[in-house]
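Structure record follows, encoded as C-alpha cells.
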Amino acid sequence: MRYQLYFLVLLGYFASPNTNAAQYFTPPDTQQVMIDVTFLSADLLEGRLTATPGEALAADYISARMQQLNLEPQPNHGTFVQTFEFDYKDNPHAAETRKLVGKNVAGFLDNGAKQTVVIGAHYDHLGYGGIGSLHAGEPAIHNGADDNASGIAAMLYLADKLQMKGAPKKRNYLFIAFSGEELGLVGSKRWVAADREGLEIAAMLNMDMVGRLRNKDNVLAIYGFGTSAAWAAALDASEKMSDITSVRDSSGVGPSDHTSFYLDEIPVLAAFTGQHGEYHKPGDDAHLVDFTGIIKVADYLYGVLESINGEKELVFLKTRQREQRQAAAFKVSLGVMPDYVYAGEGMKVDGVTEGRPGFKAGMQAGDVIVKMGDLEVKDIYDYMEGLSKNKAGDTTTVVVDRKGELIELEVTF
Ligand SMILES: [Zn+2]
C-alpha cells in the first residue's frame, strides 16, 4: 500500500499542469496505465471479489473510464454495467448455494460495421483469499495488480488507440471487463450465453496477467493460436514491429475468459506474460508491474488487429487440448490432461492418455484427484508437487473423487 500511495503522489506531482513539459519522464500513455493499475489494485478495493463493494468500486471506475474514452454502452443495454445472477457455493462441499449478483462492464466502439471484435480482460480477483488463493495464513487483501488490473489497463489503452487516425476500423470493437472469472469464468460464460444480443462476433482477444513482461525478457505467451488459420500471419506481422517474441500454444481452452468464446466456436487469442511467485497471493502489487510492458503487449495485439482488418472472414478452427506444459519438467507423469477451468478443490482430469500410468491404474476423465501418497491435493500446484516426489518405477496410491465416491488407485510410474 505504501508503494501505491507513493505512485499516486508522484503522478500528481509530475502530471500537474504547472510542471514544465521538459520535466516529464513518463509518457502520458504510460502514466494512464500506471493510474489504472494503481487504483484498481489499491487496498481500498479489498481485492475486487465478485459481488462485494470492492467489485462495485472497480466497476464504477471502469465505467467512468469508458465514458471518458467516448465509448457507448453495448447496443440494447443502456448502461456500461451489465449485471448477472449466479449460484455460488462458499466451498465445493457446502450444501447451501447462495444467489449472488456480479457485474460485467462493457463499452462499445461503433465503426458502423457488421462484425464486432471483443477485447476482454477480467477485473475481479480473490478478495481476502479463500478458494483459489495460494496464500497460507491470516486472510489478507489480494490486490491482483498483475491478475488482472494489468489486463484492464491494456484494454482501456486499446480503446483509446483504436479511435485514432489510421486505426483498423473495418469492424466494431466491444471492450468487456469481466467479473466472476476467478469463480470459474462465470461472467464471460454468462455474456456469451445471454448478453451478446445478436452481435456478430468475429474474434475475441483476451488479456489476463500481462503486467510482468520485463521479467521474461519480452517473451509473451499467446494461447489460441490454432483457433483460426488467420492468426499465424497476423502474429508474424505484428511481431516484426515489436520487440516481443511470442511463445504460441494452439489450444483455445485455457484458464481464462477466452475459453467461453472458444467453446462458442469463436476464434480467440489470449496474451499472458507468465507465472510468478506472487500469483494468487497478497503480494501481487502494483510496484511489481511493468507498465511499459503492458503497453508493449497492447501494441502487439493492436498490430494483430491491423493485420486482420482486411480479412473478410476469420474462419474458426477446433484445437486439440494440450497437456500441462510444466509437466515436462517432471521425471514422471500420469498421462492425464488437467481441466484448466475447474474451480473446485482437487485436480480434475479432463482426459486420460491410453497406455500411460493413469490409464493403467484405471483413472477416468471426470475423476478429481484429491490425494497422492500422503499429500492432500487441493489444486493443480499440489498435483505437480505430488508428481515431483516420484521417479520412474515408483508405485503410489492416488485417491480420486468419482461422482462423489472416493476411489483408491495404485499407480506405477
Ligand atoms: Zn486472472
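FYI, it's all coordinate maths here, none of it is from the lab. Predicted, not measured: the structure shown is a model, and the values here were computed from it. Positions of Cβ are backbone-derived with ideal geometry, glycine not excepted, and every protein chain shown enters the neighbour counts.
Things to note:
- What you get for the range 325-412, charging only the Cβ of Lys and Arg (+1) and of Asp and Glu (-1), is a dipole of about 320 debye around the Cα centre.
- Shown is the FRET efficiency for residue 245 and residue 44, computed with R0 = 41 Å from the Cβ-Cβ distance and rounded to the nearest 0.05: 0.65.
- Rounded to 10°, Cα long-axis angle of helix 28-40 versus longest principal axis of the chain: 50 degrees
- The magnitude of the dipole of the chain, with charges of +1 and -1 set on the Cβ of Lys/Arg and Asp/Glu and taken from the Cα centre, is near 880 debye.
- Relative to the dominant Cα principal axis of the chain, helix 53-68 is inclined by about 40°.
- Of all lysines in the structure, those lying under 16 Å Cα to Cα from residue 240, and not within fewer than 8 positions of it along the same chain, are 296.
- The mean sequence separation of alpha-carbon pairs under 8 Å and at least six residues apart, normalised by the residue count of the chain, gives a relative contact order of 14 percent.
- Dipole of the chain computed with +1 at Lys/Arg Cβ and -1 at Asp/Glu Cβ about the Cα centre; of 298, 123, 368, farthest Cα towards the positive end is 298.
- For the chain, the longest principal axis of the Cα atoms and the long axis of helix 2-15 meet at an angle of about 20 degrees.
- Å³ per residue enclosed by the Cα convex hull of the chain: 150 Å³
- The trypsin sites (Lys or Arg not before Pro) of the range 342-413 that DSSP puts in a loop, and whose beta carbon has at most 13 other beta carbons within 10 Å, are 391, 403.
- Positive dipole terminus of the chain, leading residue within 225, 141, 95 (C-beta point charges): 225
- Of interest is the spacing of the C-alpha centroids, which for the range 207-283 and the range 164-199 amounts to 17 Å.
- From least to most packed, judged by other beta carbons within 10 angstrom and beginning with the fewest, 265, 278, 311, 55 follow the order 265, 311, 278, 55.
- Every helix of 4 or more DSSP H residues in the chain counts as -39500 (n - 2.57), and over all residues that averages to -7500 deg cm²/dmol at 222 nm.
- Dipole magnitude for the range 167-276: computed about the Cα centre from +1 point charges on Lys and Arg Cβ and -1 point charges on Asp and Glu Cβ, it is near 260 debye.
- The residues 125, 77, when put in order of fewest to most other Cβ atoms within 10 Å, stand as 77, 125.
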